[in-house]
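Report on the structure given below.
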Amino acid sequence: MPRRTPYALIAAVTVCAAATAVPAVSAAAMSAVASSTGSTSSSASTLDLGPSGLTETRTVRTIEPGVTVTHIVRGTADPSVRWVVEASIPSTGTSPDPDAPAQSIQDEASAQDYAARLTAAGFPASASRVMQPATADVPASVLGWRVRLDSTYATQSEAAAEVARLKSAGFTTHAWYGGWDGTSTARGPWSVNVVTIDPKLFHGRLGSTFGPTIEARETTSWLAGYTKAKAAVNGGFFVLDPAAGAPGDPAGAGVYGGTLESEPVGTRPVLVLGADAKHTEITRPQWHGDALLPSGDVQLDGLNRVPGLIRNCGGDSGDAPTALPLHDTTCADPNELVLFTPEFGASTPSGAGSEAVVDGQGRVLRTLGQRGTALRPGERSLQGIGDLAPLVAGLHPGQRVRITTALTDGAQPLTRRGASVVNGGPELVQGGAVHITQRQDGMVHPGQPSFAYGWVLQRNPRTFAGVDAQGRTLLVTVDGRQPDQLGLSIPEAAAVARSLGMVDAMNLDGGGSTTMVVDGQLTTHPSDATGERPVGDAIVVR
């Protein structure tokens, strides 16, 4: 594993060039440090994060012309913050879905009832209201009610011991550090890493990579080494569980070196990167794909993913339970036509259905009664399942198939030469103002308030990216899920992005995926117990 330094940043973006670090802050603060290869200061332009008056230090270094790495430490460990024990609340007859599994958030009556049961069993507990703050598309409201024991604990081990006692008594709970609450007034600390690429000075190449094949996962550190990047950060959402598709497959749009390899999730935002770091933008893409077969024109359902499984949903009206984006959910469709390229892997997905392999001119080379085959360079294949399997099975060698795919911003193609497109969501900043598209991008689960509670409102490791008013690209990672690394809620990530000067910003994959690598060194602190998580793709600066 690469050596860890306190300020190495690699957020699925790799920087391969000799850069001079500049802080991603105000012009005045930047000019004060631009002439040095490394400096430490307390900046007057502080992050909008935590209580006011916190100490904040910034270390800035230039790693290549036009590329700086800024390490920000805000606040200090707060001894007043304690560990708590939070309950999983069973549904009752008053819940919207009485048959739903136990959740962290329930309706008030269910929460009050469970608190009373814990108290009667000798574990004094209370129910408290959890508020959903207003976002761009979700009004401020009561999200639900949670239940926590009245006692707090100085250490994790003490809280874990109480969780064990509760389990023996028949209650399901978990230990939680109070500083991880999105509403906590903890005074830190936060560790924020920022890679800033200035297109006026940058002479390298900015882009994204999935590694040797789409279906395999590699760590950001490995991808940085594979591309000989100066810096890298983890990229977009991806399939993790084989039950949800092919592990490593982007769960959203993916363009690498100008080639489209994965379709978007509905109208979710994407980060568009030019190889020269000019014209970085965040847009909501439009996708279209079809195959003109001898039997007629058929719309493609996807690209380089397991047919029938749509991770994060956002497909079409044939998908269940929804055609809209729904994060961390795998939708299903029994009737699909999916296109594959050799970049997918050593073999296309195997299984029931049919598959036809075509050459670069669209001439059918062979047809298979089952799915799963190796593709040679220049070949592509169509896999059909359900009602679409007979259309593929009916193709014969020598017939012609015209396949077209397009990803645009509504006017211009996003597959221009050297371009990269990375999936993510929700939006965080638009036009210089906080603009969190929580519902539109699938971070509201109807009837399941616990999802928004844990994913949006609580603090987690985060990776996000955007562009500032000077046209500079910013890649940001924030450590979390550790008592000395608090992480950010989604509203906090938006506030930090704006205070770093971003005029447009979006969230990328986070949690255990959050990673930054600079000069071959891991600068973040992975939150997974197993260490750095293999991911689907990364942003690299070369």
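Please list the equivalent ellipsoid semi-axes of segment 74-153, computed as the square roots of five times the alpha-carbon gyration tensor eigenvalues, in descending order and whole angstrom.
After diagonalising the Cα gyration tensor, the semi-axes are 24, 22, 9 Å.
In the full protein context, segment 434-542 carries 24 Å² of accessible surface per residue, based on a 1.4 Å probe and ignoring ligands, DNA and RNA. Using a probe of 1.4 angstrom and keeping all protein chains present, the accessible surface of segment 112-231 works out to 46 square angstrom per residue. Would you please classify the overall shape of segment 259-344 from the alpha carbon gyration tensor, given that a ≥ b ≥ c denote the square roots of the eigenvalues, rounded means a/c under 1.5, and beyond that prolate means a/b larger than b/c while oblate covers the rest? In terms of gyration-tensor shape, oblate. Can you tell me, using C-alpha contacts under 8 Å and at least 6 residues apart, the relative contact order of the chain as a whole percent? After rounding, I find 22 percent. Based on protein heavy atoms only, segment 350-417 ends up with 51 Å² per residue of surface accessible to a 1.4 Å probe.
Label positions at H174 and A243, each projected 7 Å from the Cα along the C-beta direction, are separated by 1.7 nm.
For the chain, lysine pairs with C-alpha atoms less than 24 angstrom apart, excluding pairs fewer than eight positions apart on the same chain, total 5.
Computed from Cα atoms alone, the Kirkwood hydrodynamic radius reported for segment 427-522 is 13.8 Å. For the chain, the fraction of 1.4 Å probe accessible surface lying on carbon and sulfur atoms is 53 percent. In the chain, the inverse of the mean reciprocal separation of distinct Cα atoms equals 24.2 Å; this is its Kirkwood hydrodynamic radius.
Working note: Debye formula, equal point scatterers on the alpha-carbon atoms of segment 467-511, no solvent; log10 I(q)/I(0) at q = 0.13, 0.29 Å⁻¹ is -0.30, -1.11. Helical content of the chain, expressed as a calculated mean residue ellipticity at 222 nm, amounts to -3000 deg cm²/dmol (DSSP H runs of 4 or more residues, -39,500 (n - 2.57) each, divided by residue number, nearest 500).
The values are calculated or read from the model by the stated rules, or taken from the named source; none is laboratory data. A quick note: this is a predicted structure, and the numbers were derived from the prediction, not measured. Quick reminder, even Gly has a Cβ in these numbers, built from the backbone with ideal geometry, and neighbours come from all protein chains shown. Heads up: the accessible areas ignore ligands, DNA and RNA and are worked out on the full protein's heavy atoms, side chains in. Shrake-Rupley method; radii C 1.70, N 1.55, O 1.52, S 1.80 Å.
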